[in-house]
């Protein structure tokens, strides 16, 4: 007898297996099928039963990734054929994760769904690198923006971002760093602190810190690439590596 | 012999005990002392050893809460006297949690520190209530803002918020709902969807949904109070309860 079909979206967190929630780990432990993305740490699959199906639906070098409608359909097919499906996504499923599209499609097929939030890289990756996303006196808000919209461009929201006091976090934006730098420079914010963290929370973490005017140089020097989190704003200056960098460039702090 | 002093900041998540990370639960399991806030689910204390000290440092009815410098000092004193201290905060410690002030003070006292991020209520509470913080075509960014700044006022950032397409999340702002409504109305956004979720992710969850022009009425009707998460923007319209409310007010959707 096939179990009642059900799909649970689970946020896998920023990378470190132990940053998964207890609830997410328990869901994996009951899964008949796990569908997972490229940004998910594969060690998490060991939480799922040995005889469960594990299906990779992300993009790998030299191969096309599955399109969203194909993933939606596969999720539903798996639930109908095997029962309990865990859909595992990096970070949190609703932070630019297209998770709600999967929920909508499954619901339209009368399949029960559940959401288990994850620790979002947008907050946790800067934190683990020593940068608090908010700090009294330095920021009263933070703004999280995608570097890659449907059209492949950076979101227009970044033009407004650059005019605020908010801490700004850009996800999926490291390949657009030249464009981001230009936008901030046009606002006269070339000396604003900025940090970029690649593979945050994992042993492969890479880090660059500086100001808008100098960060491209550091990205090249440290060979930073996706996946990375960019954090921009005064809170970056709290990092112990910031002051020496500032001194080495002989900047005068405008504030 | 006293153990090596160490302080770990652990984000407890939005309320549901099982939304704690595996890493956070393991840290609690080794704690000699746990210092916890009012917004932390006390069931989490059962993860700590039975003979560990559990110290409440939050605000309770009729009692003053401890001031931040007192908490900083207590953390350090506990680490020096007992060894391993877990500092447990609601949501994530760096999202308006003053967590970095505690790290800074402990570091200045030469005490080792560690940060274990938590699931932030800002993202998870709307998600668990059925509202994705981002959705293709509706939002390319989200902005999280505190309703209560150092001065007790709402952050000025909300004036910029009201001019953007971003999903806006206000934490600690339900007591300022009249002020928030006024700011959006002045921008001509009286019909923007808004939802308020009190005690999100727990069995005591309360919910209000509508548009800017109608939400105050609903807050009164449903007796919503702190702690609550406010979410404002087009993504709120994805909630199944939104369409009937919109119809009942006979609004014409401007989009």
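What the table below lists for this structure:
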read-out: Overall dimensions of region A:177-241 as given by Cα atoms, namely Rg and Dmax in Å; value: 11.4, 36
read-out: DSSP bridge orientation in chain B - percent antiparallel, rounded to nearest 5; value: 40 percent
read-out: Within region B:118-255, percent of DSSP bridges classed antiparallel, to nearest 5; value: 75 percent
read-out: Long-range Cα-Cα pairs in region A:78-167 (distance over 18 Å), rounded percent; value: 61 percent
read-out: Span from the region B:86-132 Cα centroid across to the region A:55-114 one, whole angstrom; value: 30 Å
read-out: Length-normalised contact order for chain A - Cα pairs under 8 Å, 6+ apart - percent; value: 18 percent
read-out: Angle between chain B longest axis and helix B:212-221 axis [Cα atoms, degrees, rounded to 10]; value: 60 degrees
read-out: Other-copy label distances relative to residue B:38, 7 angstrom Cα-Cβ extension, nm; value: 4.7
read-out: Teacher prompt: residue B:188 distances to equivalent labels in other copies, 7 Å Cα→Cβ, nm; value: 2.9
read-out: Where N is the number of residues in region A:108-255, Cα Rg divided by 2.2 N^0.38 Å; value: 1.09
read-out: Relative contact order, percent, region A:118-248 [alpha-carbon distance under 8 Å, six or more residues apart]; value: 28 percent
read-out: Binned Cα-Cα distance frequencies in chain A - 5 Å width, integer %; value: 1, 6, 13, 16, 17, 14, 11, 9, 6, 4, 2, 1, 0, 0, 0
read-out: Region B:53-194, relative contact order [Cα under 8 Å, separation at least 6], %; value: 14 percent
read-out: Principal axis box of region A:4-138, alpha-carbon based, largest edge first, Å; value: 53, 34, 28
read-out: Estimated 222 nm signal from helices in chain B, with DSSP H stretches of n ≥ 4 weighted -39500 (n - 2.57), rounded to 500; value: -8000 deg cm²/dmol
read-out: Calculated SAXS-style log₁₀ I(q)/I(0) at q = 0.12 Å⁻¹ - the protein assembly as shown, Debye, Cα scatterers; value: -1.15
read-out: Equivalent-ellipsoid semi-axes of region B:22-81, from the Cα gyration tensor, Å, largest first; value: 20, 15, 9
read-out: Percent of alpha-carbon pairs separated by more than 19 Å within region B:146-216; value: 32 percent
read-out: For residue A:110, inter-copy label distances in nm, listed shortest first [label point 7 Å out on the Cα-Cβ vector]; value: 7.0
read-out: Three principal axis lengths of region A:175-214 [C-alpha, angstrom, descending]; value: 36, 18, 12
read-out: DSSP-defined antiparallel bridges as percent of all bridges, the protein assembly as shown, nearest 5; value: 45 percent
read-out: Degrees, to the nearest 10: A:68-82 long Cα axis against longest axis of chain A; value: 40 degrees
read-out: Label point at residue A:82 placed 7 Å out along Cα→Cβ; residues across region A:10-39 whose backbone nitrogen lies under 19 Å; value: A:10-12, A:24-39
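Just so you know, all these numbers are worked out from the coordinates, no wet-lab data involved. As the structure is a prediction and not an experimental result, all values here were calculated from the model. Here Cβ is always computed from backbone atoms with ideal geometry, including for glycine, and neighbour counts include all displayed protein chains.
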